[in-house]
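Taken together, the values in this text are just the output of simple stated rules run on the coordinates, not laboratory data. Worth saying up front: this structure is predicted, and the values here are computed from it rather than measured. Cβ placement follows ideal geometry from the backbone for every residue including glycine, while neighbour counts extend to all protein chains displayed.
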C-alpha cells in the first residue's frame, strides 16, 4: 500500500550543529507537508510544497521537494534548543481525503 | 488564524464509562475533520475521517461502534469512546482542514484519556 517513510527515527545533536530529516513516498505525491510536534504538544503545520524541485526556506529551516515528487527533506541550519521536537512529513493519499504521515524524526538538541 | 480547539484536554475515568471529546474549528469552516490516536513516542494513527453531515469513514481495524464520530456542523466534530477500557487509554488528537482534506491540517491540543 501507499506509504510515507521517514529517516532517521531519532537524531541527537549539539546546539549549533545542522540537522536533516528525509521523507520518501512509495508513490508520486501532489504535495508534501511538514509538521512539528513539540514534546507534550500537538502537531503544528509548517509548510506545504507542491512543485517538482521546489525549495522553500523559513529562517533556519530549508524544505525541499524532489524532482520526481516522491521525496522531500527538511534541513535545519545551526540548531537551537527551541528546535527540539518531532518532525513529521505527510502526503495526500491517492484516494480519499486523508494524509499519510511518516513516523516522524525526533530531534533532541543539547546545549 | 486556523485555530482548532479540543476539549477536554485530560480525562481520567473508570472502566466502562463513555467519554465524549469535542473538536471545534474556531475561525474557519472545516470541511473535513480527522481523528487520530497517538501512542507515546509514536506516530499519528488515523482513526477516521469525517465530513459535515455524512457518516465518518473509519480506517481498517477501527471499531465504528466503539468510536462514535459525529460531525454535526462545519465547526464541530465529536468523538465518543463508548464503554472505555484500559486499552483505550491514549492521546487522541483531532485535526481540521478547510479544503479537501489533502491540504494543511490544523490540530487541536489533544485529549489524554486514562481509563482506570
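May I ask for log10 I(q)/I(0) of chain B at q = 0.12, 0.17 Å⁻¹, from a Debye sum over the Cα atoms as equal point scatterers with solvent left out?
-0.37, -0.75
At q = 0.15 Å⁻¹, work out log10 I(q)/I(0) for chain A with the Debye formula, treating every Cα as an identical point scatterer and leaving solvent out; two decimals please.
Reported log10 I(q)/I(0), two decimals: -0.58.
Between the stretch B:34-49 and the stretch A:9-68, what's the alpha-carbon centroid distance in Å?
19
Quick one: order B:33, B:47 by neighbouring beta-carbon count within 10 Å, fewest to most.
Ordered by Cβ neighbours within 10 Å, fewest first: B:47, B:33.
Which of B:65, B:27, A:83 comes first, and how do the rest follow, when ranked by fewest Cβ neighbours within 10 Å?
Going from least to most buried by this count: B:65, B:27, A:83.
What does the structure give for A:88-96 when I average, per residue, the other chain Cβ atoms found within 10 Å of the residue Cβ?
Taking the mean over all residues of the peptide, I get 2.
Extension gain residue A:57-residue A:10, at 0.36 nm per residue separation less the Cα-Cα distance, in nm?
14.6 nm
What spacing in nm lies between the two simple spin-label points modelled at residue B:83 and residue B:70, each 7 Å away from Cα in the Cβ direction?
Placing both labels 7 Å along Cα→Cβ, they lie 2.0 nm apart.
Semi-axes, largest first, in whole Å: what does sqrt of 5 times each Cα gyration tensor eigenvalue give for the stretch B:36-92?
Semi-axes from the Cα gyration tensor: 20, 13, 11 Å.
Please compute the Cα-Cα pair-distance distribution of the protein assembly as shown with 5 Å bins starting at 0, giving whole percents from short to long.
Here the calculated profile for the protein assembly as shown is 1, 7, 14, 18, 18, 16, 12, 7, 4, 1, 0.
Residues of B:40-47, mean number of Cβ from any other protein chain within 10 Å of their own Cβ, rounded to a whole number?
Whole-number average of other-chain Cβ neighbours for B:40-47 is 5.
For the residues B:12, A:76, what sequence is obtained by ranking on other C-beta atoms within 10 Å, fewest first?
Fewest to most other Cβ atoms nearby, the residues stand as B:12, A:76.
What average count of beta carbons from other chains do you get within 10 Å of the Cβ of residues in A:41-48?
Mean shielding count: 5.
Measuring from label point to label point, each 7 Å out along Cα→Cβ, what is the residue B:28 to residue A:67 span in nm?
3.3
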